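Everything on this sheet refers to the single structure shown next.
Read-outs: derived from the displayed coordinates by stated rules, not from any lab. Quick caveat, the model's predicted, so the values are computed rather than measured. Every residue, glycine as well, gets a Cβ built from its backbone with ideal geometry; the counts of neighbours run over all protein chains shown.
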Amino acid sequence: SSSAASSFLRAASSYTRTRFFPSSLRNLNPASSSALNNQRSTASVVVRSFHSSASRWCHRLDWRSPFSLRAQIRALNPVIERFQKQFATMAAEHPFKEVLTSLPKLGGGEFGKFYSLPALNDPRIDKLPYSIRILLESAVRNCDNFQVKKEDVEKIIDWENTSPKQVEIPFKPARVLLQDFTGVPAVVDLACMRDAMNKLGSDTSKINPLVPVDLVIDHSVQVDVTRSENAVQENMELEFRRNKERFSFLKWGSTAFHNMLVVPPGSGIVHQVNLEYLGRVVFNTNGTLYPDSVVGTDSHTTMIDGLGVAGWGVGGIEAEAAMLGQPMSMVLPGVVGFKLSGKLRNGVTATDLVLTVTQMLRKHGVVGKFVEFYGDGMGELSLADRATIANMSPEYGATMGFFPVDHVTLQYLRLTGRSDETVAMIESYLRANKMFVDYKEARIFLLFFQFYLLSYKL
């Protein structure tokens, strides 16, 4: 109100007089305080100007009326639009636009365009572990000199020297994975933002996740019926009745928001569904190709690392920030290389292998680091075994246990229903961007890691 504003301005004027003209200086003679007089006159002009403009603002706007506030927001729209145009112009000038390259198809045409790491012509990139190359590609593609800067790209390229210094980098994952336990609050927050937009008289459809979000309903399983041919169906019916309100809300969210996929109950646990169906390995969004990467609200999101998709668990607030397009601030990690050779003997299970690997990595110390597996033994490991090892990342303390994409990965993608064209696109892109591993090629495979390499014979 105007009376409150007047009280505030009187207090501000009093503060200004006290702040700029303390009592110890008020009795100085004019001849020795000309500079002080100049300051006093300047400050008075500032206070009068502030008083005048603030009074006009307060008299014109009734803060107790939401209708007046709405009108004021509408009045600011032209200013906001000018800023949007400026930002759009800035975004059009991508700092790495010269490395945007076309990926041709074998039979003619092209799969799309991608930001080429080889086109950067930096020999340091060839020494980067594959997991770090995914961070680099994300930084290059999302570089806007605002959220992601050129300096951040240089930090990642110079990983061998910068990672021991614990430098921070921004990272924008390609998608976010939620299960219903933490996914419901995220959808509620989006719904509340739409409600606020509606009260302000604006377009509610503008509120959407800025990156793809996959929400898998898997944490409400309760077994009531057993030893019956229809046990699964009867349990599912009970589950739907008990959770009708929540499921209805999530179903609304799946149709109301763009970039949001909700996997219904009964489809499987979140990490199984993520591995078999949701993992893209390579995205093709509006003709732009880039590697799949994911953060999820579950520590065992790392299972997806067995598919060559960089992913790890985060908290709900971090997941929501990523969902709304905010970069994650993370310490550029060190990488521990783990070499696998030979193959598993008969009778040795993936559980035996993962317990041995976990014991070795715990002894070495990999907390906060990436573990990257390589070696000729990789070709003998099924993707299920790889996922089992990657799933244990929280147990051996690493941020993720990463298996780069190779022929085993491509074979698995075909078995889980990916089309031949999709698999061809994935292989072509990863080969072109030096992210594909071919252990069958007759060449020496070397990785340069910050720490000494661990080795295990299968």
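Just flag the GluC sites (Glu not before Pro) in region 175-274 sitting in loop per DSSP whose Cβ has no more than 14 other Cβ atoms within 10 Å.
The qualifying sites are 229.
Using the Karplus equation 6.51 cos²θ - 1.76 cosθ + 1.60 (θ = phi - 60°), what ³J(HN,Hα) coupling, rounded to whole Hz, does each residue of region 246-253 give in order, writing x for Gly and Pro?
5, 5, 5, 5, 5, 5, 4, x
Restrict the search to region 92-185; then list the trypsin sites (Lys or Arg not before Pro) that DSSP places in a loop and that have at most 13 other Cβ atoms within 10 Å of their Cβ.
105
Let me see the P(r) profile for region 129-229: every Cα-Cα distance counted, bins of 10 Å, each bin given as a percent of all pairs.
Bins of 10 Å from zero give 12, 26, 24, 23, 11, 5, 0 percent of pairs.
Subtracting the Cα-Cα distance from 0.36 nm times the residue separation, let me have the gained length for residue 206 to residue 352 in nm, one decimal.
47.5 nm is the gain from fully extending residue 206 to residue 352.
Full-extension gain between residue 232 and residue 299, please, as 0.36 nm times their residue separation minus the C-alpha to C-alpha distance.
21.3 nm
So what are the ³J(HN,Hα) numbers for region 308-323, from phi and the Karplus equation (6.51, -1.76, 1.60; θ = phi - 60°), rounded to whole Hz, Gly and Pro as x?
Per residue, the Karplus-derived 3J(HN,Hα) values read x, 9, 6, x, 7, x, 9, x, x, 5, 4, 5, 5, 4, 5, 4 Hz.
Mind listing the phi-derived Karplus ³J(HN,Hα) values for region 149-164, rounded to whole Hz, using 6.51, -1.76 and 1.60 with θ = phi - 60°, and x for any glycine or proline?
Values, residue by residue: 10, 4, 4, 5, 4, 5, 4, 6, 4, 8, 3, 4, 9, 8, 4, x Hz.
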